[in-house]
Every structure is written in structure tokens, then in C-alpha cells.
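The values are calculated or read from the model by the stated rules, or taken from the named source; none is laboratory data. Computed from a prediction, not measured in an experiment: that's the story for all the values here. Cβ placement follows ideal geometry from the backbone for every residue including glycine, while neighbour counts extend to all protein chains displayed. Surface accessibility is based on the protein's heavy atoms, side chains included, excluding ligands, DNA and RNA. Shrake-Rupley method; radii C 1.70, N 1.55, O 1.52, S 1.80 Å.
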Amino acid sequence: MSYFITTPIYYVNDAPHIGHAYTTIACDIVSRYNKIDDDDTFFLTGTDEHGQKVEKAALMQKKNPQDFVNEMSKNFRDLIPFLGCEINDFIRTTEQRHINAAQALWKKLDENNQIYLSNYEGWYSVRDEAFYQESELQKIDGKFFTEDGSPVEWIKEESYFFKLSEWQDKLIEYYEQYQRPIYPETRYNEVLSFVKGGLKDLSISRTTFRWGVPVPNNKNHVMYVWIDALCNYLTAIGYPDTNNSNFKKYWPGVHVVGKDILRFHAVYWPAFLMAADLEPPKKIFAHGWWTNEGQKISKSLGNVIDPYEIINEYGLDQIRYFLFREVPFGKDGNFSKQSIATRVNADLSNTYGNLIQRICTFVVKNCESKIMPSNNLTEEDKALEEAIESSVISYRYNMGEMNLDSSLKGIMVLLNEANAYVDSQAPWKLKTTDPDRMKVVLYMVLNIIIKSSIMLYPFIPQSAEKALSYFNISKDKISFNNFSLLIKNEIKINNPEPLFPRFEL
Ligand code: ME8
């Protein structure tokens with residue numbers, strides 16, 4: 001199977017922060033999961049470099065927009081390996097391949113009679129790069145603001161429009177046909193009621209600034225930054241050449257976005273695609289919003305969380321784990337240092353790391369560093385084996401649904417069972433009373449540790465790889481295909497090093 005997963009492309013008006021890192025890591029987790037499931041996976045991220053917001057940011061710094069975006073895009077590009085993410089492509093909307101694709105999409109929409117020239121008059125938020133109805137705004141001290149507090153300005157200019165109003169029924173059909181492609185369900189319901197409420201034609205070009213993709217055949221207009229930006233998902237797989245092997249293999253894709261930009265992805269984007277005779281997205285996942293110690297993350301509040309700082313302080317896998325264990329994917333979350341330390345200590349240091357440490361050290365010391373598989377299982381062992389099987393099944397279901405927190409919770413439940421089993425079986429006592437039974441017990445626990453490490457791998461790749469190396473399982477063997485084979489033969493064990501030192505609370 002092939003699988004195409006994308007992050008939003010991030011605006012380069014400012015430096016990346018923890019919110020951007022969150023979405024990129026989420027996609028890396030799903031991409032790694034699919035890769036170890038032997039799916040042919042393509043993971044795309046990149047930067048959104050046109051539009052008024054970026055142009056204004058360049059002007060503020062007295063820089064030429066192209067030089068400015070080159071510099072700023074690099075910050076997003078450089079962050080990716082630091083987050084432990086393995087991408088397949090990084091797209092920039094100022095690249096020629098993208099300008100060609102965006103103009104080709106425009107021409108196709110035009111050919112299909114989906115675009116007309118008229119005048120736009122209404123509210124626009126540069127911060128959101130979005131048009132608003134007055135009914136969506138609030139008035140504070142005589143000025144209008146969006147619900148999230150973004151200022152808006154009244155604009156009046158000639159504009160091309162996309163006939164969005166004609167796509168209401170087709171969009172509803174798409175949502176039904178693709179069996180609710182929008183996750184989570186609450187967001188799906190919001191989108192559905194928005195579409196059912198009626199759609200207005202969408203302004204898709206601007207004339208009052210120049211920093212955008214030129215509209216084909218009319219030099220006075222640049223494309224509205226959102227039609228330009230959304231098209232990146234097509235550019236990266238070779239659009240407009242829809243016969244190339246990547247396009248055939250990977251389209252349609254799965255888009256992961258924050259809830260702030262769901263409407264663009266779940267309403268405008270499928271409408272653009274269908275209007276250009278292309279298939280709409282396979283799935284759209286909208287995750288929630290992170291706050292910092294209860295407050296909205298914003299530059300003006302001075303509480304932006306720098307991914308470099310937080311990862312240097314707590315460790316990469318610790319942060320990757322925390323972000324996806326702490327908050328159900330789709331819900332809002334609160335970032336607090338206290339919660340990171342508590343979560344990492346409880347799950348990664350105590351439940352996972354400690355179990356590996358004590359079992360490996362014990363096997364190295366008492367069993368000549370190796371354990372043979374055994375069929376000589378008691379009823380209790382068999383029940384534990386069943387628990388392992390069902391834990392793997394529900395993990396795989398949850399990963400497919402992007403229930404990332406539930407996937408992690410399930411692994412921790414299994415590891416807790418393993419810890420309780422070690423305590424009740426007490427292999428250190430069996431050493432003298434029944435050494436054969438001791439080996440069966442250790443084998444059972446190793447089975448859980450190895451399988452849990454593979455399930456944890458997409459989330460905490462460096463630590464899981466290290467843990468598996470204690471059992472002489474190399475990275476290329478991390479797969480669900482040979483999952484059971486890994487514990488079919490003698491398991492040789494190396495002396496472990498502590499994986500997750502505890503944080504002082
Ligand atoms: O919207 N919590 O770019 P953007 C969680 N260029 N996620 C957050 C977050 C937070 N506090 N802050 C940001 C754009 N994000 C457009 C996208 S796509 C064709 C064009 C994440 O730089 C989240 O994924 O404003 C959100 O949707 C995205 O960054 C917005 O990034």
C-alpha cells in the first residue's frame with residue numbers, strides 16, 4: 001500500500017515554535033508507523049512563503065522578500081532532523097516547480113469554468129490570511145476583530161472568484177462517500193454544518209500587493225495565498241503531470257493540520273480539487289491547540305516555546321512522548337514543565353526503562369546473557385500472551401485512526417502488566433527454587449519488552465532503537481512483518497544502559 005502524509009506548510013513570517021513541531025512530529029510518527037508496516041510512505045512538509053503577512057514581515061526587517069524567505073525557510077528546514085523527523089520532501093512555495101503547478105491548477109479551474117472576475121469588498125485578516133463575514137467578527141472599542149483576536153481590515157479590490165457556492169452538494173457527497181474523511185468527529189460535524197449552511201464564492205486573487213504567484217494571463221493579480229499554498233500537496237508529487245508514477249501512487253493524500261486551518265483543508269481544498277477533476281483528500285486530521293501554562297502561545301505574551309530549548313532541556317524522545325501521550329490527538333493541550341517531568345518519570349523511566357534495566361541486568365548476570373523461547377506456559381502465562389496479542393491489535397487500530405494517545409496508553413497498560421507479572425513471579429526467588437520456570441518468566445517479559453519497543457518506535461525512535469539493540473535487534477528488523485519471529489529464537493542480551501534518567505520533581 002502507498003501512503004502520502006502531509007503537514008501544513010508553515011508561514012515563514014516568524015521562527016518555528018512548539019506548535020509547528022507538534023504537527024511535524026505527529027506526521028513523523030504516522031509515517032514511521034506506516035514505514036515499519038511496509039507501506040510505501042511519502043512524508044511531505046515545507047514552508048508557505050507568499051502573501052501579505054510574509055511580505056509585511058520582510059518589509060519590517062527591511063529585507064527583500066526573497067532573501068527574507070530564504071533565510072526564514074531554512075529555520076524550518078533545519079528543525080526537522082532536530083525533531084527526529086525523517087521526511088521525503090521539503091517544499092517551498094517560491095520554488096519554480098510550485099509556481100508552475102499553482103498556475104497549472106489555476107488554468108485548469110479556469111478551463112473548467114470555475115473562475116470569474118469581479119470585485120471583492122469586505123473584511124480581511126492579514127494575520128490569518130483569511131476573509132471574514134461581519135457576523136463572524138467582534139467589535140472592541142469601535143474596531144473589528146476575529147474570534148481569536150486577529151485584527152481585520154476592510155479591503156475593496158478587483159478579484160477573481162472561485163465558484164465555491166456551486167460545490168455544496170458535491171462536498172456533502174464527498175464527505176459521505178469517503179465515510180467521514182474529517183477527524184475527529186466533532187470537527188467533522190462542524191465542517192458539515194458550515195457547508196450545509198450555504199457557501200459563498202471565494203475571492204482567490206489580490207491586486208494590492210505583489211508577493212505571490214502571478215495569475216496566468218492577468219499581470220495585475222497574484223493568487224490568494226491559500227490557493228497557492230494548498231497546491232503544494234500536488235506540486236510535491238509532480239502535478240501537473242498526473243501520469244507520473246509518484247502522482248499515481250500517492251494521490252490522494254492524508255493531511256494533518258491544526259484546527260485553525262481545517263476549513264481551508266476540508267471545504268476549500270476538496271472543492272478546488274474536484275473542480276479541477278482531481279480526487280479530494282483521503283483523510284484530514286485536525287488536531288487541537290497547545291497553550292503554555294494555560295495561556296495562548298503568542299509572541300506578544302512572550303511565552304512562545306522554542307523547540308530547541310525544550311528538547312535540549314528534557315530530551316528529544318521525552319518531548320515526543322509527552323506531546324502525544326499527554327493530550328488526546330484532536331483535543332487542546334496545556335504545556336507545562338511539571339507535566340513533562342511527571343509524565344516522563346512515570347511512564348518512560350519507571351514503567352518502561354526500569355523494566356528493561358532490571359530484566360536485562362538479571363539475564364546478563366544469571367542466564368549467561370541469553371534466553372530461549374519456551375512453550376511450557378502456565379495458564380497465567382497464556383493469559384498474558386493473549387493480553388499481548390490484543391494489545392497489539394488495538395495499538396494498530398488506534399494508529400490507523402490517529403488515536404495516538406490511546407496507542408501509547410495501551411502500551412503502558414501492557415508494560416504495567418509485565419511489571420506486575422515480574423513482581424508476582426519473582427524470578428530472583430525462582431533462581432534457586434525453579435530455574436527452568438525462571439527462564440519461562442523471563443522469556444515472557446522479554447516478549448513484552450521487545451514488542452512494546454517496536455510499538456513505541458514511531459514515537460521515540462532513538463530510544464526504542466537503543467532498547468532493541470540490547471536484544472541485538474537492529475533498525476532494519478523493526479517491522480510488524482517479522483514481529484513474532486523476533487522472539488522465536490534464542491534472545492541474546494547486551495548489558496543495558498539506563499534509557500530515561502528520572503527528573504527531579
Ligand atoms: O496556517 N498548537 O501556517 P502557520 C498546535 N501557512 N499547533 C499549532 C500551534 C499551537 N499553538 N501553533 C501552530 C498556516 N500550530 C498556513 C498553512 S497549509 C496549505 C498552509 C501548527 O505557520 C498547526 O498545525 O500559521 C497549525 O495548523 C499550523 O501550525 C499553522 O501554521
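Only one entry of Asn403, Asn376, Asn354 meets the criterion of being surrounded by 16 or more Cβ atoms within 10 Å (Cβ to Cβ) and out of contact with any Pro (no Cβ under 8 Å at 6 or more places or on another chain), and that entry is Asn354.
In the range 1-24, the residues that are hydroxyl-bearing (Ser, Thr, Tyr) and more than 7 Å from the ligand (Cβ to nearest atom) form Cβ pairs under 7 Å with partners that are open to solvent by 30 Å² or more (accessible area, probe 1.4 Å) and in a helix (DSSP H, G or I), at six or more places apart or across chains, as follows: Ser2/Lys249.
Restricting the range 1-22 to residues that are in contact with an Asp or Glu (Cβ under 7 Å, 6 or more places away or on another chain) and outside any loop (DSSP other than H, G, I, E, B), which is nearest to Val222 (Cα to Cα)? Among those residues, the one meeting the criterion is Tyr11. Might you let me know whether the range 29-40 holds any residue that is at pLDDT 95 or above and closer than 27 Å to Ala130 by Cα? For the range 29-40, residues at pLDDT 95 or above and closer than 27 Å to Ala130 by Cα: absent. Considering Pro270, Pro240, the condition of being within 14 Å of the ligand (Cβ to nearest atom), more than 22 Å from Tyr124 (Cβ to Cβ), out of contact with any Gly (no Cβ under 7 Å at 6 or more places or on another chain) and modelled with pLDDT of 95 or more is satisfied by Pro270 alone. Taken as a whole, the condition of being more than 15 Å from the ligand (Cβ to nearest atom) and either open to solvent by 30 Å² or more (accessible area, probe 1.4 Å) or out of contact with any Pro (no Cβ under 8 Å at 6 or more places or on another chain) (or both) applies to Lys283. Being open to solvent by 40 Å² or more (accessible area, probe 1.4 Å) and in a loop (DSSP other than H, G, I, E, B) is a property that Glu86 has. Listed by position, the helices (runs of 4 or more DSSP H) inside the range 396-505 whose residues that are over 23 Å from Asp317 (Cβ atoms) number at least 1 are 404-425, 427-433, 435-456. Only one residue in Ile25, Ile99, Ile29 is of a type in the set (Val, Ile, Thr), farther than 30 Å from Glu465 by Cα and part of a helix (DSSP H, G or I), so which one is that? The conditions single out Ile99.
Annotation: Ser298 fulfils all but one of (1) among the hydroxyl-bearing types (Ser, Thr, Tyr); (2) away from the ligand (no atom under 14 Å from the Cβ); (3) at pLDDT below 95; the unmet one is (2). Across the range 472-498, the number of residues qualifying as over 19 Å from Lys35 (Cα atoms) and either buried (at least 21 other Cβ atoms within 10 Å of the Cβ) or at pLDDT below 85 (or both) comes to 5.
All of Leu505, Leu430 fail the test of being aliphatic (A, V, I, L, M), open to solvent by 90 Å² or more (accessible area, probe 1.4 Å) and farther than 26 Å from Lys35 by Cβ, apart from Leu505.
Return the residue satisfying two criteria in turn: it lies in the range 106-122 and is touching a helix residue (DSSP H, G or I) at 6+ places or on another chain (Cβ under 7 Å) and surrounded by 18 or more Cβ atoms within 10 Å (Cβ to Cβ), and of such residues it is nearest to Ile204 (Cα to Cα). Before the answer, list the steps.
As a first pass, look at the range 106-122 and keep what is touching a helix residue (DSSP H, G or I) at 6+ places or on another chain (Cβ under 7 Å): 109, 112, 114-115.
Narrowing further to those that are surrounded by 18 or more Cβ atoms within 10 Å (Cβ to Cβ): 109, 114-115.
On the way: Leu109: 11, Gln114: 11, Ile115: 9 Å.
By that ranking, first place goes to Ile115.
Only one residue in Ile310, Ile319 is among the aliphatic types (A, V, I, L, M), under 19 Å from Phe76 (Cα atoms) and over 18 Å from the mean Cα position of the chain (by Cα). Which one?
Details: Ile319 fails: over 18 Å from the mean Cα position of the chain (by Cα).
Answer to the check: Ile310.
Pairs meeting the criteria (first residue in the range 54-68 and over 16 Å from Ala15 (Cα atoms), second residue among the hydrophobic types (A, V, I, L, M, F, W, C), beta carbons under 8 Å, at least 6 apart or on different chains) are Asn64/Ala58. Just one of the numbered conditions (1) open to solvent by less than 70 Å² (accessible area, probe 1.4 Å); (2) at positive phi is not true of Leu137: (2). When Asp67, Asp48, Asp38, Asp78 are checked against the criterion of being of a type outside the set (Lys, Arg), crowded, with 21+ Cβ neighbours inside 10 Å and more than 25 Å from Pro328 (Cα to Cα), Asp48 stands alone in meeting it.
So which of Glu129, Glu185 ends up being out of contact with any strand residue (DSSP E or B) (no Cβ under 6 Å at 6 or more places or on another chain), under 22 Å from Lys259 (Cβ atoms) and within 16 Å of the ligand (Cβ to nearest atom)?
Numbers: Glu185 fails: within 16 Å of the ligand (Cβ to nearest atom).
It is Glu129.
Of the helices (runs of 4 or more DSSP H) lying entirely inside the range 152-237, those containing at least 2 residues that are open to solvent by 40 Å² or more (accessible area, probe 1.4 Å) are 168-177, 185-196. The single condition among (1) within 13 Å of the ligand (Cβ to nearest atom); (2) more than 17 Å from the chain's Cα centre (by Cα); (3) surrounded by 17 or more Cβ atoms within 10 Å (Cβ to Cβ) that Ile261 does not satisfy is (2). Those residues that are outside any loop (DSSP other than H, G, I, E, B) and open to solvent by less than 10 Å² (accessible area, probe 1.4 Å), I need them from the range 51-61; list them, please. The answer is Val54, Ala58.
If a residue must be in contact (Cβ under 8 Å) with a residue 24 or more places away in the chain and surrounded by fewer than 21 Cβ atoms within 10 Å (Cβ to Cβ), how many such residues does the range 291-309 contain?
Count: 10.
In the set (1) open to solvent by less than 30 Å² (accessible area, probe 1.4 Å); (2) over 15 Å from the mean Cα position of the chain (by Cα); (3) within 10 Å of the ligand (Cβ to nearest atom); (4) at pLDDT below 95, Ser336 fails one condition alone, (3).
List the number of the failed condition for Lys365; all other conditions in (1) in a helix (DSSP H, G or I); (2) farther than 28 Å from Pro501 by Cα; (3) over 36 Å from the mean Cα position of the chain (by Cα) hold. The number of the failed condition is (2).
Can you tell me which of Ser205, Ser193 is modelled with pLDDT of 95 or more, out of contact with any helix residue (DSSP H, G or I) (no Cβ under 7 Å at 6 or more places or on another chain), of a type in the set (S, T, N, Q) and closer than 17 Å to Gln114 by Cα? Talk me through it step by step, then tell me what you get.
Working: Ser193 fails: closer than 17 Å to Gln114 by Cα.
Checking each option against the conditions leaves just Ser205.
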